[in-house]
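The values are calculated or read from the model by the stated rules, or taken from the named source; none is laboratory data. All of these numbers come straight from a predicted model, not from anything done at the bench. Cβ atoms come from the backbone with ideal geometry, glycine included; neighbour counts cover every protein chain shown.
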Amino acid sequence: MQPTFRLRLKPLCLLTLSALHAYAHAADPADPAPDPAGAPPMAIVEVTGTGQSRQVQNITRADLQQAAPGTSPLKTLEKLPGVSFQSSDPFGSYEWSTRFSIRGFNQNQLGFTLDDVPLGDMSYGNNNGLHISRAISSENIGRVAVSQGAGALGTASTSNLGGTVQFITLGPANEQALSAAQTLGSDDTSRTFIRFDSGRFANGTKFYVSGTRMRAEKWKGAGPQDQDQFNSKIEQPIGDHVLSAFFNYSDRREVDYQDLSLESARRLGMDWDNYYPDWQRAVNAAKGIYSGAVNNMDDAYYLGQGLRKDKLGGATLDLNLGTALTAKLTAYHHGNEGQGHWYTPYTPTSAAVPISIRTTEYTISRNGALADVTWDIGMHTLNAGVWVERNKHELIRNFYAVTDGSYHNDFLHNPMETGFRQSFVTDTRQFYVQDTLALLDGRLKVNAGFKSPKVDIDARTWSGDRADGSITAKKTFLPQVGVTYQLSQNDELFASGAKNMRSYQPGVNGPFSQTRAGYALSIANLKPETSNTFDLGMRFKRNAVQGSVAVYYADFKDRQLGIATCAGIVGCAGTVVNVGKVATRGIEALAVWKIAPSLSWFNTATYNDSQYKSNYTDNGKLVATDGKQVVDAPKKMFNTELAYDANGYFARLGAKYTDKRYYTYLNDASVPSYWLANLAAGYKFGAVAMLKDVTFQVNVTNLFDKSYFGSIGTNGFSTSDPQGTSVTLQNGAPRQVFFTVSGKL
């Protein structure tokens, strides 16, 4: 059931704006507050990448602050050119539905880091990292840097066939402060954030600790979306050097939304969801007794949910070894425990109870280190570095007996049956070196270098018929070259080319998710995926307008495809094969117009043509994908946003257009295009009694209450779906409203 205040949005907004207007005329607003970390106020958008030979842009602190608190930083990136983001929740943090791609490369083919620490590919089926929404609270992120084409050589990733996303945190503030924010809103949402900054002590030490408590109900169906987080960081200068350390903890528990098909959405409605808490209806459906418009077992299940506990910690030593020589050493550890619950009618507990809980259980223990050195010598800037990591990962499929529909929101133990159990040890070693040469008084810069990744996976199957053995993905020489040329003080040309490799995955969707027989047939011809990417563009400034234009091309080879052999809930082992090439070409543009000191207009446009360039066979049948569009890769995207900030008032009104997207390789089924608008507005009160920097903010997501399909491929992509029966879609959240009050002591 939708909350009452969402249905009464207009009167409530009018009352809120009236109250803000009255307060504004009753008190003198204070100057805008500085950033919690003591940084100066930042521009609304940095077109940037100035001096970079690749297409690079930043999302700033201002963008992150004016999103609804708890919004995934990934969601804030959707305004940038080339970026596509979908989720079925308003925050973009529901991991089962999160879909993120850049220039047609999906999330599993990109690289992600947090303060240089690798987050893996942030896939739902954990194996080599964790999602940014669990790695750190969004309030503690300072900015996000996106490289659409190819990431920097030193990025700690072996999955970035396409671009990279680097999250940079807010360090401890120089001044002591206690910051707090409280958010209330749609579907019983309550988010509390508290952060304490120690300020700088006499010996230079400073630290912060923060806690976040998020409680919300699903916007359709029933079940909570809860998360508790703890973040901390300490910095200590040692002479000319700086030692820092951090520790983050997350406990996330989210109840799933039911996946839809085009056919089931027409028959049951877009608000259709799982049966919970109607246990008897789920039991009847498992016995083939359907009610309402339900006509098959896969229309809904009783309940699904994801449980994740993560600990992420590390230490960094920044060394200033002279006027021309610096170094950085980082060590980190990530521990994860996770379970995905799915109430399955395909494995009964007993004759009387035709349902059990099917789990996918994960554990991760990653330990790694990074070392980087930069040496400025004459016209040259030399960079070199190494990254090593050992990842111990376990993947288990269990079935647990149930007697009734009682809600279990904790980790289960003592299964009645084990489908499979696998363990993996993954050793990663990557070295890079690069030289940047400055010519023509620095107007021309040429950089060239290479990286050498090697990833060894040792897999052992302790139960079940899944494959085991050892496999290595390596490339001795993956080059990257780039050029920037400064035409004038305000104009710059850039060009780059890079070759990258994506290593094999140890767990879900990797080569060891096949049966032993399937692995034996495929391993001889299996190759790691590789790509060649090229960028050519220009950055410009014209008085109140700045922006960039880029054209690009990517040649993607040895595409790996996991071919499903049954419905997602059944969990059969699929087959993994190389199915040929993909070619991507496109153009993207960004422009920011500073209409007035308090008003700016931000726009981006993307045209991306990603096509399969090879056919393949499936069980002896030809699948004619040559010339078809890549799944979940919209051809056209547009984003526009007006931002206002003056006299304490601030507001942002933005809209994003996403073209239609195919979810079948033969392009015979797709979801339609859509526009989606969001609003953020508020008032900065300044000092109120003992508090300072008091701010009130309202966020409205999906402003015009658009009904649309957001995430696709949640249960994988299929070859063909002419009848629209593939259950692999999720619709986006309706209009949601959130109110936030924040301040400092």
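Quick look at the values:
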quantity	calculated
So Thr426, is it in contact with a Pro (Cβ under 6 Å, 6 or more places away or on another chain) and over 18 Å from Gly149 (Cβ atoms)	yes
Condition check for Ile355: among the hydrophobic types (A, V, I, L, M, F, W, C), surrounded by 19 or more Cβ atoms within 10 Å (Cβ to Cβ) and in contact with a helix residue (DSSP H, G or I) (Cβ under 6 Å, 6 or more places away or on another chain)	yes
Qualifying strands (runs of 3 or more DSSP E) (wholly inside segment 119-187; at least 1 residues being closer than 23 Å to Val483 by Cα)	141-147, 164-169
Strands (runs of 3 or more DSSP E) contained entirely in segment 417-502, each with at least 2 residues that are over 27 Å from Arg516 (Cα atoms)	417-439, 444-463, 478-486, 491-502
Test: residue in segment 115-124 that is out of contact with any Pro (no Cβ under 9 Å at 6 or more places or on another chain) and farther than 24 Å from Glu394 by Cβ	yes
Segment 404-415 residues that are modelled with pLDDT of 95 or more, paired with ones that are among the polar types (S, T, N, Q) (beta carbon under 8 Å, 6 or more apart)	Phe411/Gln339; Leu412/Gln339; Leu412/Thr359; Leu412/Asn398; Pro415/Thr359; Pro415/Asn398
Some residue of segment 132-145 being without any contact (Cβ under 8 Å) to a residue 40 or more places away in the chain and surrounded by fewer than 24 Cβ atoms within 10 Å (Cβ to Cβ)	no
Selection from segment 266-282 of residues that are part of a helix (DSSP H, G or I) and surrounded by fewer than 20 Cβ atoms within 10 Å (Cβ to Cβ)	Arg266, Arg267, Leu268, Trp279, Gln280, Arg281
Conditions (1) under 27 Å from the mean Cα position of the chain (by Cα); (2) in contact (Cβ under 8 Å) with a residue 60 or more places away in the chain; (3) closer than 21 Å to Ser522 by Cα; number of the one not met by Lys474	(2)
Ser718 being within 18 Å of Leu262 (Cα to Cα), of a type in the set (Gly, Ala, Ser), at pLDDT below 95 and surrounded by fewer than 21 Cβ atoms within 10 Å (Cβ to Cβ)	yes
Tally, over segment 600-630, of residues that are farther than 17 Å from Ala554 by Cα and in a strand (DSSP E or B)	12
Boolean, Gly654 is small (Gly, Ala, Ser), more than 23 Å from Arg559 (Cα to Cα) and either buried (at least 17 other Cβ atoms within 10 Å of the Cβ) or touching a residue at least 12 places away in the same chain (Cβ under 8 Å) (or both)	yes
Residue ranges of strands (runs of 3 or more DSSP E) in segment 631-745 with at least 1 members out of contact with any Leu (no Cβ under 9 Å at 6 or more places or on another chain)	636-646, 649-658, 674-688, 691-701, 736-744
Selected residue (criterion: surrounded by the fewest Cβ atoms within 10 Å (Cβ to Cβ)) from residues of segment 657-679 that are under 23 Å from the mean Cα position of the chain (by Cα) and of a type in the set (D, E, K, R)	Lys660
Number of the exception - Ala43 against (1) assigned to a loop (DSSP other than H, G, I, E, B); (2) modelled with pLDDT of 90 or more; (3) of a type outside the set (S, T, N, Q)	(2)
Tabulated pairs, segment 713-733, first over 20 Å from Arg267 (Cα atoms), second surrounded by fewer than 19 Cβ atoms within 10 Å (Cβ to Cβ) and at pLDDT 95 or above, C-beta under 7 angstrom, 6+ apart or interchain	Thr719/Leu666; Ser720/Leu666; Ser720/Asp668
Some residue of segment 681-694 being buried (at least 22 other Cβ atoms within 10 Å of the Cβ), in contact with a strand residue (DSSP E or B) (Cβ under 6 Å, 6 or more places away or on another chain) and either more than 26 Å from Ser123 (Cβ to Cβ) or aromatic (Phe, Trp, Tyr) (or both)	yes
Within segment 528-557, tally of residues that are over 25 Å from Val592 (Cβ atoms) and not β-branched (Val, Ile, Thr)	10
Among residues of segment 175-215, those that are polar (S, T, N, Q), surrounded by 15 or more Cβ atoms within 10 Å (Cβ to Cβ) and under 28 Å from the mean Cα position of the chain (by Cα), counted	8
Near pairs, Cβ below 7 angstrom, 6+ apart or cross-chain, from segment 680-693 (free of Cβ contacts under 8 Å to residues at least 60 places away in the same chain and over 19 Å from Pro69 (Cα atoms)) to any residue that is assigned to a strand (DSSP E or B) and not basic (Lys, Arg)	Val688/Val694; Leu691/Gly743
Residues located in segment 94-145, provided they are on the phi > 0 side of the Ramachandran plot and either over 13 Å from the mean Cα position of the chain (by Cα) or at pLDDT 95 or above (or both)	Arg103, Gly104, Asp115, Asp116
Any hit, segment 312-322, residues being in a loop (DSSP other than H, G, I, E, B), small (Gly, Ala, Ser) and at pLDDT below 95	yes
Leading residue by the ranking (nearest to Asn160 (Cα to Cα)) among those in segment 530-545 that are of a type outside the set (Lys, Arg) and surrounded by 21 or more Cβ atoms within 10 Å (Cβ to Cβ)	Ser531
Segment 280-296 residues that are polar (S, T, N, Q), paired with ones that are surrounded by fewer than 19 Cβ atoms within 10 Å (Cβ to Cβ) and part of a helix (DSSP H, G or I) (beta carbon under 8 Å, 6 or more apart)	Ser291/Asn284; Asn295/Arg267
Complete set of residues in segment 615-637 that are surrounded by fewer than 16 Cβ atoms within 10 Å (Cβ to Cβ) and either touching a Lys or Arg at 6+ places or on another chain (Cβ under 7 Å) or free of Cβ contacts under 8 Å to residues at least 24 places away in the same chain (or both)	Thr617, Asn619, Gly620, Lys621, Leu622, Asp626, Gly627
Subset of segment 283-311 (residues that are within 23 Å of Ala352 (Cβ to Cβ) and in a loop (DSSP other than H, G, I, E, B))	Lys287, Gly288, Ile289, Tyr290, Ser291, Val294, Asn296, Ala300, Tyr301, Tyr302, Leu303
Qualifying positions in segment 336-381 - over 27 Å from Phe247 (Cβ atoms) and small (Gly, Ala, Ser)	Ser350, Ala351, Ala352, Ser356, Gly378
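Conditions (1) closer than 24 Å to Leu161 by Cβ; (2) of a type outside the set (D, E, K, R); (3) surrounded by 14 or more Cβ atoms within 10 Å (Cβ to Cβ); (4) touching a Ser or Thr at 6+ places or on another chain (Cβ under 9 Å), marked per residue:
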site	(1), (2), (3), (4)
Gly405	no, yes, yes, no
Asn409	no, yes, no, no
Phe424	yes, yes, yes, no
Arg460	no, no, yes, yes
Gly464	no, yes, yes, yes
